[in-house]
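Contents: one structure, followed by commentary.
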Amino acid sequence: MSMAVNRPRWTRQLAGLIRKDLRLELRTKETVMAMVLFSIVTLTIMQFGFGTRDDDLTRFTGGLMWVTLAFTAVLGVGRSYVAEREQRVLDGILASPVPRVVLLAAKAIAIVIYMAITELVVIPVVGIFFVKGPYWDSIGWIALVALIANVCIALSGTLFSGLALFTRARDLILPVLFLPALVPVVIAGAGATHAVVGGPHDMSEYRGYCLFLVGYAILFLLVCIATYDAVFDD
Amino acid sequence: MSMAVNRPRWTRQLAGLIRKDLRLELRTKETVMAMVLFSIVTLTIMQFGFGTRDDDLTRFTGGLMWVTLAFTAVLGVGRSYVAEREQRVLDGILASPVPRVVLLAAKAIAIVIYMAITELVVIPVVGIFFVKGPYWDSIGWIALVALIANVCIALSGTLFSGLALFTRARDLILPVLFLPALVPVVIAGAGATHAVVGGPHDMSEYRGYCLFLVGYAILFLLVCIATYDAVFDD
Amino acid sequence: MSACGVGHIYGERAAVADVHLDVVAGERVAIAGPNGAGKSTLLRMVATLLRTGTGTLTVLGEELPGGARRARCGIGYLAHDPLAYLDLSPRQNLQLYADLFGVQDADRRIDDLLERVDLIARADDPVRVLSRGMAQRLALARMLLHEPRLLLLDEPHASLDAAGTALLDAELATMHADGRAAVIVTHEVERIASVADRLVVMRRGRIVVDEPVAGRGPAQVRARYEECIA
Amino acid sequence: MSACGVGHIYGERAAVADVHLDVVAGERVAIAGPNGAGKSTLLRMVATLLRTGTGTLTVLGEELPGGARRARCGIGYLAHDPLAYLDLSPRQNLQLYADLFGVQDADRRIDDLLERVDLIARADDPVRVLSRGMAQRLALARMLLHEPRLLLLDEPHASLDAAGTALLDAELATMHADGRAAVIVTHEVERIASVADRLVVMRRGRIVVDEPVAGRGPAQVRARYEECIA
Amino acid sequence: MPSSTTDHASRRVIGARAALIWGVIAAVLVTVASVGVFLVAPEDADQGVIQRIFYFHVAIALVSLVIFAVACVAGILYLRTRNVRWDDVSVTAIRIGMLFSVLVIITGSIWAKASWGTWWVWADPRLVTYLIVVLIYAAYFVLRSSVDDDRRLRYSAIYAIAGFVSVPLSFYSVRIAQSFVHPVVFTSGGANMPGSMLIWFLISLAAMLALFIALLEVELVGRRTERALRALSLRLESS
Ligand code: HEM
Ligand SMILES: Nc1ncnc2c1ncn2[C@@H]1O[C@H](COP(=O)(O)OP(=O)(O)OP(=O)(O)O)[C@@H](O)[C@H]1O
Ligand SMILES: Nc1ncnc2c1ncn2[C@@H]1O[C@H](COP(=O)(O)OP(=O)(O)OP(=O)(O)O)[C@@H](O)[C@H]1O
Ligand SMILES: [Mg+2]
Ligand SMILES: [Mg+2]
């Protein structure tokens, strides 16, 4: 038999996959809304857990913010392949000539978008409720860390959610795989936030943490490129 | 046509359902293990968020412990109906003559068991890593609060996971409905723990929080009995 | 069972409308009809899984929804999906259902059934790794477990091989004698002559034909069916 | 496609063992066999969804697994499940697959196909609310979307009504002329005479018979099949 | 095939002899190191006898990082070749790595209790990042136990690679971020210790490496034998 006909372009495949994710999101709508709600509830619950013992939580701002974002990320990433799995459609995608790395990229982009929306709410809320002292002038710096961190989260998140996809207790496996990988992000994120919040900016510390995050993202990018083909390769 | 034959006893149904849950658990085994690991990872991650800024976390012991347990509960409860939903078996259960309240009870009991196992690990770990000061002599009191709290968690958890079962974004709805319901549990749990840890026991405060939890459990029991039949009623 | 003016509306689409259908003990009724005619929806209502929107539905002498729990004891429902936990073995799945239905002497009965559907060699593998036809056999065993007096079968022949089909047909053949009843939804019209006493054709949520098939051959039934849906 | 000594072992169970099968352009091969014979497993390997454990498999001139991506462009795979997102509409699902396969002039082609499988009226409802047969029609449309040169069909007639079946059979009838090939797994042995040129019977993971069916009638094919698996 | 060649071939495949040789080397080196560390090496002026734990703590710690690197490389090789033997190496290495890292934490904690007066310091990046490494590799076993067949091997390999990201991060972050209390001896400028200590330290290091290789070989022999037996019984069954 002769060669197959049309060689699809990966840009179109990527766009198609992202459009699909966003359409599902629009149809079920509550995903992003619930991520936002969840992060606010988490902040509240931590406020109750810690705040009652200590009135000024400024010192803990970074920690509160990034622990919350980490848990929200676990939640959001946990949904990445839910539709594919529950509705048994993955075989259809895998039987199409789409490079596995494009699948990864599409999911990663969706995660970055969802996380960014969540942060758009969380970062101001933290500022309003927890910080006593200067905050708003450093919001640009915080946004920058968040941006880099989102890339880390998206890269590691897609990889691990791809792995968790066919494990038996997926809902539990994912946080167990993913949270430890997020610990460095939490530390660096909290550190960087702390460096610019509630007092004089410590830019050298801030830069150090940001570089750390960039390194982490690069390392994970390499891992993803090296392994992602194998994730879906039966 | 005449009446149907055997009227099954609800005790046997309950036992059968619990056995099924535990068998699934044994087969996939890592569920409890993952809950335990998750709680440890959560403790660690919160430690990173806060510990690096404050060396003695004794004041926050209760908060750390109960925030961790709350998240673990969300995770564990999230699994309650995963098998039924993903594997499309719920119709089989619902087409059998089992009272809906028995379904609730079976799930609730399974959750209590899983939570108890998790606490068996979390409570000592917290003692080892976070508390500077007396802890082990009040471990019995902590266990008691945990027991009462587990009942609250199980009752509200089954109800909400039953509700979430039929909404599309289950993974997100559950934490968003369930976490707020856990806020009182976290406050009371943390308060009671704080009353007996790291200093002289304050038994009247402890008793107050415990009574609050008992009240909360009773309240939820009533809500469950009143609404559960409606949850599964198509 | 007896349905009187039964209907169900999803959103704004009437999936089933004004259906009148009586099935007496010992009778086997086949329901056929184009895709989307409302056959599965009707079956789900009789199986007490979906409330009727209009009309009254009486199953095994119990009026729904009030008597649903009692009716369920006597209903065997076979759905599109096998309704089994994929991570449990066939035997464990049947044990669960035995508990739920209060089956007496469960272990013996489960072994019997597994033998009959030829799954005994795979009785302890997780259902996840069974082939599609094996899962369908398990669904058959599950349906028969509690000796239901009314069988509701939604495309029961799907994925069954020759042996499985023979088994199912044999089971349906004995129903007459014990006074049990069956409602069989199927697209394999040729089979109807051998598995049912009555043919009901549905179209767009309504019953358009309801007549006995006694004495007709497969080709005649097929011809009659095509006439109905033309 | 050409399979040479192909096998796959799940854990310790050989689902498919030492299969030799050649399908040339324009040929339609039906695979039949008892439940659990390994038919679906074989099909999944040809569809590049499962790696072969042993042997070499060449599909559309590409050796697997190396050439899998190129081979996929020309394969149309119809599985037990419809492989569609339940919360998207049929049209949106087809749009996604059109992007993945790089289909030219996608919108027109999608409308055409929806028309052909008679889903145009439901093109914008979520797949979740479609009946089982409608979902199967959507799966048909999805499979044909990118004009594959090799069709792999796993029990394609399941849940289809008379009209749907006629549609599928008509599609299969044109294959010969355009030099496309098809492998059809089915339990409805009587249909084989009309949809296939060759009958392959599998048992316990092996091919036991592989012969042309040209000129035989349904009854003859059925008799031959029963002889094979006896 | 004549049975003697089969025997010979399978023995080579199983590799029992290599295990034996490495076992002997490890035993000798560990004995020498123990004797040297406790009887010969000079006593630390500030810390006294507890300082001797240094030789083991640091050697085990460094080797544990090497082990995880081995697991990562074996994972890459598995994905390349799909040969089960590489999965064996990877999983066994991580098992031993976990054992070693628990030993690191135990020896470190004992030392910490003696010299810092506490079992654990949360504010120290060395301790904390190492704990992350341990947690990450603990999750490896959860992942492994919850998938079957080919997927198990593939996922394990992928995770062995992804998990390794934490190791260089942990190693370098300490050197960049300036540890809180935990000492850093080996810097880009070399080792900051007297020669007499360095010799015994190097011997301990060699001993721990040999111990790792010996344990690895023994485990591998066990796994290969088991697999050979299973293949044999399967062949007997089918024939
Ligand atoms: C539970 C606590 C501890 C853990 C988890 C731990 C972990 C480690 C690890 C992973 C290394 C090797 C990697 C590296 O050098 O970056 C290391 C090296 C070392 N540890 Fe520890 N350690 C602990 C406690 C201690 C204590 C209490 C001391 C001494 C006061 C100590 C002294 C050293 C020294 C001197 C080195 C070599 C430093 C170097 O490689 O530059 N450690 N430790
Ligand atoms: N994921 C799996 N893991 C382990 N064993 C499997 C798996 N999938 C299938 N099997 C086994 O492989 C064998 C062949 O299965 P397969 O699905 O190919 O059969 P089939 O011929 O399609 O049967 P059917 O007609 O029932 O669909 C069966 O014994 C089945 O139990
Ligand atoms: N959950 C639902 N929500 C909305 N509409 C539904 C739902 N389920 C079914 N429908 C619609 O009800 C109608 C009847 O569906 P039903 O499944 O009963 O058909 P059917 O006769 O079983 O068809 P098939 O032969 O294809 O299985 C269809 O138009 C279908 O789209
Ligand atoms: Mg139907
Ligand atoms: Mg099959």
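The numbers here are math on the coordinates, done by the rules we state, and not lab data. This one's a predicted model, so the numbers in the text were calculated from it and none came from an experiment. Quick reminder, even Gly has a Cβ in these numbers, built from the backbone with ideal geometry, and neighbours come from all protein chains shown.
Averaged over the residues of peptide C:129-137, the number of Cβ atoms from other protein chains lying within 10 Å of each residue's Cβ is 5. Computed from Cα positions, the angle between helix E:166-177 and the longest principal axis of chain E comes to roughly 10 degrees.
Calculated on the alpha-carbon coordinates, the convex hull of the protein assembly as shown measures out at 186 cubic angstrom per residue. Separation of the range D:109-124 and the range A:113-162, taken as the distance between their Cα centroids, equals 44 angstrom. Taking the label point 7 Å along Cα→Cβ, B:Leu144 and its counterparts in the other copies are spaced 5.5 nm apart, in ascending order. Please build a GNM for chain A, connecting alpha carbons under 10 Å apart, and tell me which residue among A:Arg207, A:Arg168, A:Arg59 fluctuates the most. In the Gaussian network model the winner is A:Arg168. The spread of Cα positions in the range C:39-127, taken along each principal axis and listed from longest to shortest, comes to 46, 26, 20 Å.
Sorting C:197-209, A:133-145, B:181-193, E:204-216 by average packing, meaning the other beta carbons within 10 Å per residue, from highest down gives B:181-193, E:204-216, C:197-209, A:133-145. Note on the range C:1-157: with charges restricted to the Cβ of Lys and Arg (+1) and Asp and Glu (-1), its dipole about the Cα centre is near 200 debye. Within 10 Å of the Cβ of each residue in B:16-27, the mean number of Cβ atoms contributed by other protein chains is 4. Residue and whole-Å distance for the chain A Cβ lying nearest the axis of the A-onto-B rotation are A:Glu86, 3.
Angle between the Cα long axis of helix D:162-178 and the longest principal axis of chain D, 0 to 90 degrees, nearest 10? Once rounded, the angle reads 70 degrees. Inter-chain Cβ neighbour count for D:157-165, averaged per residue, equals 5 (cutoff 10 Å, partner chain atoms only). In chain E, a dipole from Cβ-located charges (positive for Lys and Arg, negative for Asp and Glu) runs towards its positive end, and of E:Asn83, E:Trp200, E:Phe171 it is E:Asn83 whose Cα lies farthest in that direction.
For the rotation carrying C onto D, the chain C residue whose Cβ lies nearest the axis, with the distance in whole Å, reads C:Ala158, 2.
Sorted from nearest, the other copies put their C:Gln220 label points 2.8 nm away, the label point being 7 Å from Cα in the direction of Cβ.
For the range A:10-231, the relative contact order is 28 percent, taking Cα pairs closer than 8 Å that sit 6 or more residues apart in sequence and dividing their mean separation by the residue count. Measuring nothing but alpha carbons in chain E and taking Rh as the Kirkwood radius, the Rg to Rh ratio lands at 1.04.
Note on the protein assembly as shown: dipole from Cβ charges, positive end direction compared against A:Leu24, E:Pro183, B:Ile153; the farthest Cα belongs to E:Pro183. Taking Cβ atoms as reference points and 12 Å as the exclusive limit, the residues near C:Ser40 contribute a net charge of -1, counting Lys and Arg as +1 and Asp and Glu as -1. Relative to the dominant Cα principal axis of chain D, helix D:106-116 is inclined by about 70°. For chain C, the spread of Cα coordinates along the three principal axes comes to 47, 42, 35 Å, biggest extent given first. The count of lysine pairs in the protein assembly as shown whose Cα atoms are under 19 Å apart, excluding pairs fewer than 8 places apart on the same chain, comes to 7. When Rg and the Kirkwood radius Rh are both evaluated on Cα atoms of the range E:68-163, their ratio Rg/Rh stands at 1.10. Take B:Asp229, push a point 7 Å out from Cα through the beta-carbon direction, and compare it with the same point in every other copy: 6.1 nm, smallest first.
Nearest-5 percent of antiparallel DSSP beta bridges in the protein assembly as shown?
Numbers: 39 of 73 bridges.
Just about 55 percent of them are antiparallel.
A viscosity of 1.567 mPa s and a temperature of 4 °C, combined with the Kirkwood radius over C-alpha pairs in the Stokes-Einstein formula, give chain B a diffusion coefficient of 69 µm²/s.
Please compute the net charge surrounding C:Ala170, taking Lys and Arg as +1 and Asp and Glu as -1 over other residues with Cβ under 15 Å from its Cβ. Net charge around C:Ala170: -2. Counting only Cβ charges, +1 for Lys and Arg and -1 for Asp and Glu, the dipole size of chain A around its Cα centre is about 760 debye.
Rounded to whole Å, the principal axis extents of the Cα atoms in the range C:86-147 read 29, 21, 16, largest first.
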